[in-house]
Amino acid sequence: NEVTKFFINLNKPYKDITTDDIRSYMDYRKVHDGLSPVSIANIRMYLRSFFSWMKSEEKIDKNPMERIGVIKTNKKVIETLTDEEVEIIRCTCENERDLAIIDILSGSGMRVSELVGLNKEDVNIEEGTMKVFGKGSKERICFLTGRAKVHLKWYLAERIDDNPALFVTTKKPYSRLSKNGVEYLLKEIAKKSGIPKLRLYPHKFRSTLATTMIN
């Protein structure tokens with residue numbers, strides 16, 4: 001879409017496009033459309049990829065993007081949880097379902113949409129694996145930590161419903177737990193945790209795991 005907008009705006013044959021044309025276009029999008037530096041940086045990335053492909057296919061002799069520098073953007077501080085906070089959150093859980101959810105989110109780094117989409121048949125507790133369907137319907141394997149295996153096994157053992165979903169609501173008719181349900185659950189746990197101003201949401205566990213792995 002962005003490459004199409006670029007050519008419509010310039011209305012110029014691709015072989016005649018210069019570095020100055022690209023700079024003028026990016027300035028135009030910034031001023032006229034009010035785009036943020038992050039959006040401009042994304043446009044640069046798309047155009048750089050496109051013109052690199054054009055050069056490799058020998059459709060152009062010179063890549064006009066080579067002299068377009070990196071766009072400076074403000075980096076957001078990623079919120080993460082400390083080991084102590086995770087343990088307090090675990091201790092605040094009131095049942096095996098909630099403990100299993102916390103342990104899976106913090107141990108696997110999966111998205112909340114992936115978590116609520118899991119069925120019981122997607123999980124092999126003994127092997128400690130989960131078949132997850134992520135973005136773009138891509139399938140991958142995630143792994144259970146020892147703690148997650150224990151609490152998930154205990155949770156499933158106490159289930160009295162026949163719903164195929166891995167996680168269901170705590171009250172009848174025991175429907176599949178939704179994304180909003182998990183978000184509400186985490187907000188309630190945060191309130192009861194006693195940790196001042198704790199903001200708890202599913203993606204925070206994913207960010208925490210990624211940051212821990214990088215460290």
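Pairs linking a residue in the range 148-162 that is over 25 Å from Gly109 (Cβ atoms) to a residue that is among the β-branched types (Val, Ile, Thr) and crowded, with 16+ Cβ neighbours inside 10 Å, with Cβ atoms under 7 Å and 6 or more positions apart or on different chains, are Asp161/Val168.
Go through the residues of the range 148-162 one by one and say whether even a single one is within 20 Å of Glu84 (Cβ to Cβ), surrounded by 13 or more Cβ atoms within 10 Å (Cβ to Cβ) and within 24 Å of the chain's Cα centre (by Cα). Checked against the condition, which is being within 20 Å of Glu84 (Cβ to Cβ), surrounded by 13 or more Cβ atoms within 10 Å (Cβ to Cβ) and within 24 Å of the chain's Cα centre (by Cα), the range 148-162 yields at least one hit.
Of all residues in the range 5-27, those satisfying the criterion of being open to solvent by 80 Å² or more (accessible area, probe 1.4 Å) and either under 17 Å from Gly69 (Cβ atoms) or within 31 Å of the chain's Cα centre (by Cα) (or both) are Lys5, Asp20, Arg23, Asp27. Restricting the range 84-106 to residues that are in contact (Cβ under 8 Å) with a residue 24 or more places away in the chain and not in a helix (DSSP H, G or I), the residue that is least open to solvent (accessible area, probe 1.4 Å) is Cys93. Among the residues that make up the range 52-68, is at least one of them closer than 29 Å to Lys204 by Cα, open to solvent by 100 Å² or more (accessible area, probe 1.4 Å) and either modelled with pLDDT under 95 or in contact with a Leu (Cβ under 8 Å, 6 or more places away or on another chain) (or both)? For the range 52-68, residues closer than 29 Å to Lys204 by Cα, open to solvent by 100 Å² or more (accessible area, probe 1.4 Å) and either modelled with pLDDT under 95 or in contact with a Leu (Cβ under 8 Å, 6 or more places away or on another chain) (or both): absent.
In the range 115-136 there is at least one residue that is free of Cβ contacts under 8 Å to residues at least 60 places away in the same chain, on the phi < 0 side of the Ramachandran plot, among the aromatic types (Phe, Trp, Tyr) and not in a helix (DSSP H, G or I).
Within the set Lys187, Lys204, Lys192, the sole residue that is at pLDDT 95 or above and open to solvent by less than 20 Å² (accessible area, probe 1.4 Å) turns out to be Lys204. Of the residues making up the range 61-112, those that are more than 21 Å from the chain's Cα centre (by Cα) and within 25 Å of Ile40 (Cα to Cα) number 11.
Check the range 133-143 and report whether any residue there is basic (Lys, Arg) and more than 15 Å from the chain's Cα centre (by Cα). Checked the range 133-143: no residue is basic (Lys, Arg) and more than 15 Å from the chain's Cα centre (by Cα).
The values are calculated or read from the model by the stated rules, or taken from the named source; none is laboratory data. Everything quoted here is computed from the prediction, not taken from an experiment. Heads up, the Cβs are rebuilt from the backbone with ideal geometry, glycines too, and the neighbour counts pull from every protein chain shown. Side chains included, ligands, DNA and RNA excluded: accessible areas come from the protein's heavy atoms. Shrake-Rupley method; radii C 1.70, N 1.55, O 1.52, S 1.80 Å.
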